[in-house]
1. Putting +1 on Lys and Arg Cβ atoms and -1 on Asp and Glu Cβ atoms, find which of Phe431, Ile448, Trp395 reaches farthest to the positive end of the dipole of the stretch 361-491.
2. Over the stretch 361-491, calculate the relative contact order: mean separation of alpha carbon pairs under 8 Å at least 6 apart, over the residue count, as a percent.
3. Counting Lys and Arg as +1 and Asp and Glu as -1, each charge on the Cβ, what is the dipole of the stretch 361-491 about the Cα centre in debye, to the nearest 20?
4. From the square roots a ≥ b ≥ c of the eigenvalues of the alpha-carbon gyration tensor of the stretch 462-537, which class results: rounded (a/c under 1.5), prolate (a/b over b/c), or oblate?
5. I'd like the Karplus ³J(HN,Hα) series for the stretch 73-80: coefficients 6.51, -1.76, 1.60, θ = phi - 60°, whole numbers in Hz, and an x wherever there's a Gly or Pro.
6. Under 19 Å from a point placed 7 Å out from the Cα of Gln16 along the Cα-to-Cβ direction: which residues of the stretch 126-162 have their backbone N that close?
7. Multiplying the sequence separation of Lys62 and Glu236 by 0.36 nm and subtracting their Cα-Cα distance, what value in nm do you get?
8. What residues have an amide H closer than 5 Å to that of Ile209, excluding those fewer than 5 places away on the same chain, when H is modeled at 1.01 Å from N in the peptide plane?
Amino acid sequence: REEKAELFKEALANDQVEFVKLFADYGAKEKFLTVEQLRNVYIKTLQRQEALHMRLVLKNMKLWVDDGNIHLHHIHAVVKKFTRLYDDPLYFKDKPDKSKDTKKSTSQKPNAQECFDHPFRELFIWAVLFNRKQLALFFWENCDDPLSVALLGCLLCKGMKRKTKKLCEPVADEFRELKRELQRLAIGIVDQAYLVDRENAMLIVQLPIKTIGNLDSMAVASIARAQAYFNSNCCEQVISKQWKRGFDASGLRIVLSTFLFPSFLLTHFDKSPTLLVRPHSDSSNHAENDATDGMGTCIASVGTSKLVKIPAMRPTVQCHPSTDTNRSYPKMATDEDPMRKIKEEPSMLSCRKKCYTFYTSPVVKFTLHMTAFLLYMALYASVMLFYYPNTEEYWRVQWQEIVLYLWQVTFVCEMYRKIITTPGDCISTRFQDWWRNGAFGTWNRMDIFSVIISVIAFILRCFSTTFPFARFLMLVAMLLYFQRVCKLFLVNSYLGPKVIMIKKMAADLCLFLLMLMVFFLSYTISVQSLMHPNRPLYWGIGWDLFQQGIWQTFGELNDESTSGQIENCTDAQLTFPPEGSWDCFMRVYPIPLFLAVYLFFGSILLINMLIAAFT
């Protein structure tokens with residue numbers, strides 16, 4: 001057994017895929033992987049040249065040991081950093097001893113000979129971290145929970161891509177491709193299950209994964225930025241059912257029923273709805289625990305048409321080879337099971353139950369939230385237009401302004417609630433995930449900036465000397481709050497993509513402005529030096545340069561300098577040849593020429609190039 005384990009370790013470290021497959025086919029599917037063996041696999045692999053990126057990642061995270069004898073505790077820190085909530089006691093307990101006799105202390109560790117319950121999952125993590133794509137896909141095929149393992153791999157690939165992007169760009173690109181492959185496999189699992197049994201597939205998608213903080217697969221995919229996973233038919237149906245949970249109505253009827261209180265009773269409610277949440281009974285919880293470890297259980301053979309069935313969970317998952325690739329996807333069997341359909345007995349819902357179901361549904365909550373935010377913006381605008389005092393009466397505070405400040409406090413409370421409910425093991429990691437929350441990260445950062453600006457404005461408002469700055473900062477905060485309306489547009493199928501397009505176009509616009517500044521500064525500095533020669537240094541020159549060229553970029557050409565009316569020059573001095581000095585002649589006539597060149601390149605060429613790039 002020890003010789004086989006040593007050969008297996010060498011095959012893994014040397015990336016001998018065929019030997020690993022042969023070893024797995026000949027009875028290696030029992031609990032054969034111990035803590036000590038996995039630790040030795042990591043140590044052996046780190047010694048190879050191909051593992052340079054992993055050594056750099058460990059050094060970057062201050063986890064590298066000089067002699068290379070790392071422990072699973074270090075790997076656990078890396079995996080938890082990337083996944084936020086992944087936890088395995090066997091990893092955490094494997095720490096370096098303080099004993100001087102390292103070999104003796106390592107062999108006598110209490111958990112060194114403990115076996116992993118899911119060895120192929122642990123080997124999959126190893127393969128992903130060391131960028132062994134073929135081995136990672138093979139271990140994924142042999143693991144007993146392919147859906148959760150594929151999404152776990154997406155989390156690891158996302159973290160490794162971010163860490164290696166600056167250290168080794170080609171390796172980061174390989175992690176990006178591996179993430180796409182694992183994402184495609186996860187989509188294939190849920191799509192295949194959805195074709196066989198829709199209700200069971202939707203239930204599996206929402207089952208919690210114990211190893212990743214009891215999050216469901218959609219929450220894990222959201223953290224991993226696996227947006228394509230949500231495009232699967234199964235996830236779309238789950239989101240649609242959760243959006244209008246317990247009833248079915250059009251958008252107009254929902255809006256009317258939300259504010260016309262008795263009218264929601266006319267909405268069609270499901271009399272026997274299928275619950276898309278995990279059950280709370282003891283037997284169901286026992287089945288749920290089995291389900292979380294085997295979320296779509298299967299073992300697949302690449303390149304074969306053999307059907308393999310693993311009864312680790314009901315509904316049983318079978319693997320059928322795909323028709324277009326060599327990959328196999330799980331397929332749900334039709335065995336009866338208590339988790340197959342969880343239904344309530346058909347009965348008429350009471351008015352109280354209908355009211356609770358309606359007003360706790362996400363679509364109604366969103367409608368109320370959107371209405372409240374629009375009222376807040378109306379209050380904000382009215383305060384700035386009519387109820388905000390002038391500098392002489394800065395001490396005067398009306399009740400509308402007080403309500404506005406109290407309302408802003410609720411935004412701070414809501415922001416704090418979102419941060420602490422973000423998946424993570426501590427407040428710092430939760431804040432980082434909330435700060436970089438994909439499409440919502442921009443609006444999250446905008447929210448915190450608006451709150452900070454509002455607090456500064458409130459402090460400056462208390463003093464007469466700083467009151468004008470308070471008014472200006474209040475207006476800046478209002479502009480940021482208005483941008484949150486775009487966040488509400490994201491739920492609309494028509495406006496949502498437009499908002500995403502605007503966000504992506506903004507990055508191109510910033511690069512375009514850098515190019516425009518070359519022509520802008522060259523023109524404005526030249527014209528200002530001709531119009532006002534030999535003037536003293538002053539801090540307002542930046543504003544004069546801005547005023548000189550910005551409006552002409554947009555076609556506003558009513559400028560006195562273009563008609564020859566500049567300082568110390570009269571019409572009599574502009575004849576050719578000039579009467580007396582050439583100073584005015586050489587200061588006036590070049591200005592229209594500079595303007596023409598600037599408009600050709602800045603206004604016509606660059607702006608039309610930007611329009612062409614956007615279209």
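Any read-out appearing in this document is the output of simple, stated calculations on the displayed coordinates, not a laboratory observation. Quick caveat, the model's predicted, so the values are computed rather than measured. Cβ: placed from backbone, ideal geometry, glycine included. Neighbour counts: every protein chain shown.
1. Farthest towards the positive pole: Phe431.
2. Working: 91 pairs, mean separation 29.6, N = 131.
23 percent.
3. Details: 11 positive and 7 negative charges, 55 e Å.
In debye, rounded to 20, the stretch 361-491 gives about 260.
4. Numbers: a/c = 5.43, a/b = 1.37, b/c = 3.96.
Here the stretch 462-537 falls in the oblate category.
5. Values, residue by residue: 4, 5, 5, 4, 5, 5, 5, 5 Hz.
6. Correct set: 127, 132-136, 138-139.
7. Values: separation 174, 0.36 × 174 = 62.64 nm, distance 4.14 nm.
Contour length minus the Cα-Cα distance gives 58.5 nm.
8. Placed amide hydrogens put Asn214, Leu215, Asp216 under 5 Å from Ile209.
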